[in-house]
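Asker: After the structure tokens below, expect a handful of questions from me.
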Amino acid sequence: MDRLLGDCSLDQLRRRRSMKWTEYPPDVLPAWVAEMDFSLPGPVKDAVRAALDRGDCGYPNAVGLGEAYAAFTRPRFGWEPAPGQVFAIPDVMTGVAEVLQEITPHGSAVVINPPVYPPFSFRLEMAGHRIETAPLRRDEAGRYHLDLAVVDAALARDGVAAYLLCSPHNPAGRVWSRDDLAGVAEVCARRGVALLVDEIHAPLALPGAQHIPFLSLDLPTDLARRTFTFTSASKGWNIPGLKCGVAVTGTAEAAAVLALRWEGLLASHLGVLATEAAFRDGADWLNAALAQLDENRTLLGTLLAQHLPTVGYRPPEASFLAWLDCRALGFADPAARFLEAGRIAVTSGSEFGAGGEGFVRLNIGTSPELVTEMVHRLARAAGPDGPISADDAQGVLFKTRDEL
Ligand SMILES: Cc1ncc(COP(=O)(O)O)c(C=O)c1O
């Protein structure tokens, strides 16, 4: 592994107090929630440490965020937002829920594309919205597609006021093409709905895929006025606990919506500082992470072919989340089986809504050694040998529960 990423030593990782490393007993290998195991980027650590040394833990000032974000998007995506249209938010889903509250009627419906990140439904339902679905289409090769006719039909339903697109898509791993996005713009313009685009995984577009920021498209003014995009350094540089996301408006006039929200919500001061450092100075670390994730997604394919040949897998085009079709294994709840018999925690596909049943999401944002360990545990749980125990733990890096 590149030295910038550290070595993902289990002793170190087990000392983390985050959700990923504390939710399950220590014999369980956690490969569920979207946190990576790499060491933090140096510029992020320096920014946070310097703030702590200054006693600088007050309320945030995000005036530099727009410039920092543009410094990242310019070379990477060939696009930069006007800094005055970029705002800090506490996190992506809070930004989405707040913007929807401002620009759509209370109780109106939002269209999403399951299987998709679970808070797209439950968080927006908490905020009083109804959810309408336009499921992704999965082809015979296991690749997911945005079906614009299905999206169009969903947008036409009663009470629909908005469309929430995940780009790149979690958990399908797709980086949408310019044609896909232009099609989305066309249906949203025609249906007159608000468009919210979650681009949180954009910094993690992997080799071979080019992420296209939605606001880099040439949008009709009417649609641009009701289009908002959301991203963060939290996935790309692995700092979700620092609580800062980024919201961008499609027009200068719409900035007032976010300016007011910024006053009301704020983000974490340390999060803003860390996010600016990541966007400005985090390219080397990000490139090392992308190279590692590229290697891991290939390694996962090789290992699955050897040890779990009936599990369906297409390497993700972005991010560190692998979506595995486990239906052929014949378990009612594959995630429960993997946890119980393999002592590995994955996310159950059914949490992602329609089309997720029988799938699991596996987090490969770690070392190749731990990816290998993951596949051994999945294979062990799926095979005839019964649950992992202290006696048959050969090749298993983790201590079993009995030894701890
Ligand atoms: C698609 C998507 N949106 C939003 C989030 C939430 O991110 P945050 O709370 O860091 O803003 C995640 C986290 O995994 C995600 O995958």
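Asker: Among VAL360, VAL257, VAL184, whose mean-square fluctuation peaks in a Gaussian network model of the chain (Cα, cutoff 10 Å)?
Answerer: VAL257
Asker: How many angstrom separate the Cα center of the stretch 368-388 from the Cα center of the stretch 109-161?
Answerer: Spelled out, the Cα-based centre of one part sits 34 Å from the other.
Asker: With θ set to phi - 60°, apply the Karplus curve 6.51 cos²θ - 1.76 cosθ + 1.60 along the stretch 319-324 and write out the HN-Hα couplings as whole Hz, x wherever there is a Gly or Pro.
Answerer: 6, 10, 10, 9, 10, 10
Asker: Quick check: at a probe of 1.4 Å, how many percent of the accessible area of the stretch 26-66 sits on carbon and sulfur atoms?
Answerer: C and S atoms contribute 57 percent here.
Asker: Output wanted: per-residue J couplings in Hz (rounded whole) for the stretch 241-258, from phi through Karplus 6.51 cos²θ - 1.76 cosθ + 1.60, θ = phi - 60°, x for Gly and Pro.
Answerer: Per residue, the Karplus-derived 3J(HN,Hα) values read x, 8, 6, 8, x, 10, 10, 10, 9, x, 9, 5, 5, 5, 4, 4, 4, 7 Hz.
Asker: What is the sum of charges around ASN363, taking Lys and Arg as +1, Asp and Glu as -1, for the other residues whose C-beta is under 10 Å from the C-beta of ASN363?
Answerer: 0
Asker: If you don't mind, there's one more thing I want to ask. Share of antiparallel DSSP beta bridges in the chain, in percent to the nearest 5?
Answerer: 55 percent
Asker: Return the long-range amide H neighbours of ILE344 (sequence gap of 5 or more, or a different chain), with a cut-off of under 5 Å between placed amide H atoms.
Answerer: Result for ILE344 returns LEU29, LEU339.
Asker: Moving to a separate point now. Percent of Cα-Cα pairs more than 17 Å apart in the stretch 321-368, please.
Answerer: Roughly 28 percent, rounded to a whole number.
Asker: Collect residues whose amide H, placed 1.01 Å from N in the peptide plane, falls under 5 Å from the amide H of ILE131; neighbours closer than 5 in sequence don't count.
Answerer: For ILE131, whose amide H was placed from the backbone, the distant partners under 5 Å are VAL110.
Asker: Same structure again: Rg and Dmax of the stretch 71-200, Cα atoms, in Å?
Answerer: Radius of gyration, then largest Cα-Cα span, for the stretch 71-200: 14.8, 45 Å.
Asker: Let me ask another. What number results when the radius of gyration of the chain, computed over Cα atoms, is divided by 2.2 N^0.38 Å?
Answerer: After normalising by residue count via 2.2 N^0.38 Å, the value is 0.98.
Asker: For the chain, what is the relative contact order in percent, using Cα pairs closer than 8 Å and at least 6 residues apart in sequence?
Answerer: The normalised contact order for the chain reaches 22 percent.
Asker: Something else: Which whole number in µm²/s is D for the stretch 150-207 by Stokes-Einstein, with the Kirkwood Rh taken over Cα pairs at 20 °C and 1.002 mPa s?
Answerer: Rounded to a whole number, D works out at 176 µm²/s.
Asker: Taking each pair of different alpha-carbon atoms in the stretch 245-403 once, compute 1/r for the pair, average those values, and report the inverse of that mean as the Kirkwood hydrodynamic radius in Å to one decimal.
Answerer: Roughly 18.4 Å, rounded to one decimal.
Asker: Quick one: 3J(HN,Hα) in Hz for the stretch 130-144, Karplus 6.51/-1.76/1.60 with θ = phi - 60°, rounded, Gly and Pro as x.
Answerer: So the Karplus estimates, Gly and Pro as x, are 9, 10, 10, 10, 10, x, 5, 9, 9, 8, 5, 7, x, 8, 9 Hz.
Asker: How much of the DSSP bridge set in the stretch 181-255 is antiparallel, in percent, rounded to the nearest 5?
Answerer: 55 percent
Asker: Turning to a different aspect of this structure: Binned at 5 Å from 0, what are the whole-percent values of the Cα-Cα distance distribution for the stretch 129-175, short to long?
Answerer: 5, 19, 29, 22, 15, 7, 2, 0
Asker: Moving on to the next point. Quick one: with all protein chains in place, what share of the accessible area of the stretch 97-203 is carbon or sulfur, to the nearest percent (1.4 Å probe)?
Answerer: For the stretch 97-203, the apolar C and S fraction of the accessible surface comes to 48 percent.
Asker: Here's a follow-up. Residues of the chain: accessible area per residue at 1.4 Å, in Å²?
Answerer: Value for the chain: 41 Å² per residue.
Asker: Counting only protein heavy atoms, what percent of the accessible surface of the stretch 206-333 is carbon or sulfur at a 1.4 Å probe?
Answerer: After summing per-atom areas, the C and S share lands at 52 percent.
The values are calculated or read from the model by the stated rules, or taken from the named source; none is laboratory data. This structure is a prediction, so every number in the text was calculated from the model and none was measured. When we count neighbours, we look across all protein chains shown, and the Cβ atoms used for this are built from the backbone with ideal geometry, even at glycine. Note: accessible area is taken over every heavy atom of the protein model, side chains too, but ligands, DNA and RNA are not part of it. Shrake-Rupley method; radii C 1.70, N 1.55, O 1.52, S 1.80 Å.
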